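*Asks:* Input: one structure, supplied below.
The values are calculated or read from the model by the stated rules, or taken from the named source; none is laboratory data. Worth saying up front: this structure is predicted, and the values here are computed from it rather than measured. Note that each Cβ is placed from the backbone with ideal geometry, even for glycine, and that neighbours are counted across all protein chains shown.
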Amino acid sequence: MAHCDHVSWLELVEGNGGPFVSYGWRFAQVIQEMHAPEKQFPQLIFFIGRRQKNTALHQLCKSKYRPSDKRDAINLRADRNSVRSSHPRIFADWDPGRRGILPAFNSPKVCHRKEDIPVNWPTTSWQPHDLILARLAFLFCDVICIFADDIGGLEATISLLMTWANIGSSSSLPPHIRPRVLIVTGNTSNTEKILNDNDLFFNIRRGENASLFFSSFMDVKISNLPSNELSPDARYLRLDTELLFELHDARRIRETSGVMFSATHLNALFEDALQHTARDMLIPYNFIHASRKGNLLDGSIVSHLLMFTRQGIRAHVPYEAVASYIASAILMDAYPPSMHGARVISIDGGGIRGIVPLEILTMMQDVLGSELPVLNLTDFITGTSSGGIIALNMGKCQHSVKVSKEAFCQLAKQFFSQHQKNTNRFGRLFGTLFSDGMYDATNLEEVLVGHFGTMRMLSTPSTKVLGWKAAAISSTIDSGSPVLFTNYNSETPPGKKQGYSYVQTDMRDGPYVWQALLPSVNIAGKSYQDGGVRPQNNNPLLLGLSEIRRLWPTTPIPDVVVSLGTCSALMEHSPTVSRFRNVLMDGMLLRGYRSINSSYDGEESWKQVKNLFPAEVRSEQNFLRLNVPFPPGSRPSIDDAGAMDTLSQWVRRRVNMIDIEQTIIVLLLSSFFFELESQPEFHSGLFHCFGSIRCRASARAVIRLLSSLHTSRMDFYKDGVNLGLSLSEKDICDDCRRYCRPVRFFVRHLDEKISLSVQHRGSQRLLSQFPKTVQSFIDQQGLDCSFGLANHGIPLQIQCDTCEMKIKGEEITLCNCILSTGVPSTYGFVRPHHLH
């Protein structure tokens, strides 16, 4: 590991449209020197001057002091004498006579991270250095110590202070949390001291300047240095004492106001304020809002509080008790202690043709075997009409594919055998126009109630396992807008812009399951109808993807989408131009009839939805459509129960087993996901990332099935480079039975998009959520959320000591290798020369 002696905190370098701020993560380096940064509360002293400033800094900042190699930079150092105390001192320093803009092409540093940040400079006569100090650096200072003799005397010092006061502070904290100013002058007589004080009071504390000055600074005082004939220790003893007094007073006020930040929080706030200042430095910086990043308040908090208060009033709970409970909840939320995408199955509607997706699912289950149900490779399942019956049977009732298929066939035959169909398609069309749908809703209700019984959408499943989210598509009768029957609650209503809503009832467990599947139903004073009435919703994929974005906001793009059709006319043949016009065959009535029929074909909706996504998302690897054309001859109608056996056999003949296996492989590999174990560390010009590959399904069954489908060794790759790690059952823990494979690799920068994949059948199959940046993993896992997470740091899975020891062992091996050689071991790594 390269040793770093650089102390530069902030620099201005050449850039397009104005200087860039160059930041070398110096604040974070200083914080790392502290032994318990989450429990230490540092205070920052800013020295401004030249020679006298350097002498004082050398005397008061007890560190391995050496002058900075960048004289135009703002520097930052830790006081070694206080670094282990509860209130460590941090010293910043700058020479106001050095305001140069450094060249953009400096030699890159390999000992520390560095970033040049473009700044949206306001149109003003103020110099960039003054803007950065007033709007950024001073927000985190407790004391500003200006050595007047270094910058031209007291008059020049006052002019500099008024420049910063005119620029103004961007802090949202109260005015008494502003930094204190200590002006240090050389050895002067008592008379000169009195005159200096008078000049200071006259120029700063007079009416027109006082309000301006004290909106940016808490106080201003003058300190006189003794004669330089004294030893350095003796000469700066008084200044050290005065600084300690000012720091103590500043600390007392901060603690009283509740803004005494820990070292961890101070660093996080500074890095956020730096980005804020670069975007728009004229907008005030809100410390409260910054502390909520990664733990944002939900938009429904006001409605929740109102509901809670009303319930308390209704139950005659004392006001003090309600207020105390709310205050406690807010406190817990405000101070919390401190990955993969969804897999979707979408099923089209189509009456008895629902046997088509069920037969496809059966073929998939045949490949998976009995140990790995299709449902275990799914997170969200949605359907319309008959697809809704399948979705609720599997997702809500948690039935297997076999049981769901048997139940569907029984329901269809039981209902449609009672229904007298017209043998003529025109008869069926006119019958539909003069009745409530193509079949008797009363008979259907009896059949569905007999199957689902009194089960409600939000009731606890008989298995006591809550894991699969299911949604059946319906719509309102008055406007036809989509409505979802779901087996889960939503934090907030989707809102008018979403274009759909949820069924709301007064019942705690929601509506009955069978109500979601009726052609028309009245619930809580609102009327709903079969979602397939709107042709665009007969394929429910678009609504399902909208739900994915709401349910998994951090991973809005699903890992895998499997869309199952119910036969399609669009797959039969390409359209041809008719040689003649036949009014009977091509007249308006038949054209309209064919148009209505084709509008319900889910294949067209599939193409439209798929094209909404970028090419890398809608690749054949993870966006899959399984469907068949109609069988030859007359097409089976949606109420022809006798055609189900024929359709099942037709699906078996037409669906390519290669497509089934391809879908299975994608679902299996999407079970593997990557987690960072800690924030990446910067060494030798690269970020060293350490994490582990996990599996969210039964790892042994998944690996064995993948091995049976591909007998060769399956290796993990990063961006096409073999990591030297294979997919093996050996990485399944003997204690917890879960998969854990430690992985290590390099990236040039955290926003570099990477891909982790498995080599399978000669091609690389991406793991869950890849390609992705390392920074997105940091954000998603909250590794840099210094102010805590909404889950209060509660682990999302039971921790296994054996797995943790395995991961820590790999990490220690890595650290020892870097410390001893400066170069990481090659095992599990992508070497630097591969990173291009």
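*Asks:* Based on this model, can you work out whether residue 693 counts as within 25 Å of residue 368 (Cβ to Cβ), in contact with a helix residue (DSSP H, G or I) (Cβ under 9 Å, 6 or more places away or on another chain) and part of a strand (DSSP E or B)?
*Replies:* In short, yes.
*Asks:* Pick out the one residue from 108, 122, 174, 118 that is over 23 Å from residue 50 (Cβ atoms) and either at pLDDT below 90 or hydroxyl-bearing (Ser, Thr, Tyr) (or both).
*Replies:* Selected residue: 108, the only one of 108, 122, 174, 118 that is over 23 Å from residue 50 (Cβ atoms) and either at pLDDT below 90 or hydroxyl-bearing (Ser, Thr, Tyr) (or both).
*Asks:* Got a sec? Which of 757, 708, 776, 768 is out of contact with any Cys (no Cβ under 6 Å at 6 or more places or on another chain), crowded, with 20+ Cβ neighbours inside 10 Å, small (Gly, Ala, Ser) and not in a loop (DSSP other than H, G, I, E, B)?
*Replies:* None of the others qualify; the one that does is 757.
*Asks:* For a quick check of your reading of the model, give me the residue pairs whose first member lies in the stretch 310-336 and is on the phi < 0 side of the Ramachandran plot and among the hydroxyl-bearing types (Ser, Thr, Tyr), whose second is modelled with pLDDT under 85 and assigned to a loop (DSSP other than H, G, I, E, B), with beta-carbon atoms closer than 8 Å and at least 6 apart or on different chains.
*Replies:* Pairs found: 335/788.
*Asks:* Which condition breaks for residue 230 when tested against (1) in a helix (DSSP H, G or I); (2) over 30 Å from residue 22 (Cα atoms)?
*Replies:* Only one criterion in (1) in a helix (DSSP H, G or I); (2) over 30 Å from residue 22 (Cα atoms) is unmet by residue 230, namely (1).
Residue-wise test of (1) acidic (Asp, Glu); (2) in a loop (DSSP other than H, G, I, E, B).
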residue	(1), (2)
703	no, no
735	yes, yes
740	no, no
745	no, no
787	no, yes
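*Asks:* Oh, and also: When both residues are 6+ apart or on different chains and their Cβ atoms are under 6 Å apart, which pairs have a first residue that lies in the stretch 28-40 and is assigned by TED's automatic domain parsing to the domain that holds residue 114, and a second that is buried (at least 16 other Cβ atoms within 10 Å of the Cβ) and of a type in the set (Ser, Thr, Tyr)?
*Replies:* Sorted first by the residue in the stretch 28-40, then by its partner, the pairs are 37/264; 38/262; 38/264.
*Asks:* Quick one: residue 259 ticks every box in (1) outside any helix (DSSP H, G or I); (2) among the β-branched types (Val, Ile, Thr); (3) under 25 Å from residue 58 (Cα atoms) bar one, so which box is it?
*Replies:* (3)
*Asks:* Given the condition outside any helix (DSSP H, G or I), β-branched (Val, Ile, Thr) and surrounded by 16 or more Cβ atoms within 10 Å (Cβ to Cβ), answer yes or no: does some residue in the stretch 121-128 qualify?
*Replies:* Checked the stretch 121-128: no residue is outside any helix (DSSP H, G or I), β-branched (Val, Ile, Thr) and surrounded by 16 or more Cβ atoms within 10 Å (Cβ to Cβ).
*Asks:* Answer yes or no as to whether residue 365 is surrounded by fewer than 24 Cβ atoms within 10 Å (Cβ to Cβ) and in a helix (DSSP H, G or I).
*Replies:* Yes.
*Asks:* Scan the stretch 308-344 residue by residue and report those that are surrounded by 14 or more Cβ atoms within 10 Å (Cβ to Cβ), assigned to a helix (DSSP H, G or I) and at pLDDT below 70.
*Replies:* 333, 334
*Asks:* Hey, does the stretch 16-29 have a residue that's within 15 Å of residue 141 (Cβ to Cβ) and either modelled with pLDDT under 90 or surrounded by fewer than 21 Cβ atoms within 10 Å (Cβ to Cβ) (or both)?
*Replies:* No, because not a single residue in the stretch 16-29 is within 15 Å of residue 141 (Cβ to Cβ) and either modelled with pLDDT under 90 or surrounded by fewer than 21 Cβ atoms within 10 Å (Cβ to Cβ) (or both).
*Asks:* Are any residues in the stretch 495-540 of a type in the set (Asp, Glu) and either modelled with pLDDT of 80 or more or surrounded by 19 or more Cβ atoms within 10 Å (Cβ to Cβ) (or both), and if so, which ones?
*Replies:* The one that is of a type in the set (Asp, Glu) and either modelled with pLDDT of 80 or more or surrounded by 19 or more Cβ atoms within 10 Å (Cβ to Cβ) (or both): 530.
*Asks:* Going residue by residue through the stretch 260-272, is there one that turns out to be touching a Phe, Trp or Tyr at 6+ places or on another chain (Cβ under 6 Å), more than 20 Å from residue 20 (Cβ to Cβ) and of a type outside the set (Gly, Ala, Ser)?
*Replies:* Checking the stretch 260-272: at least one residue is touching a Phe, Trp or Tyr at 6+ places or on another chain (Cβ under 6 Å), more than 20 Å from residue 20 (Cβ to Cβ) and of a type outside the set (Gly, Ala, Ser).
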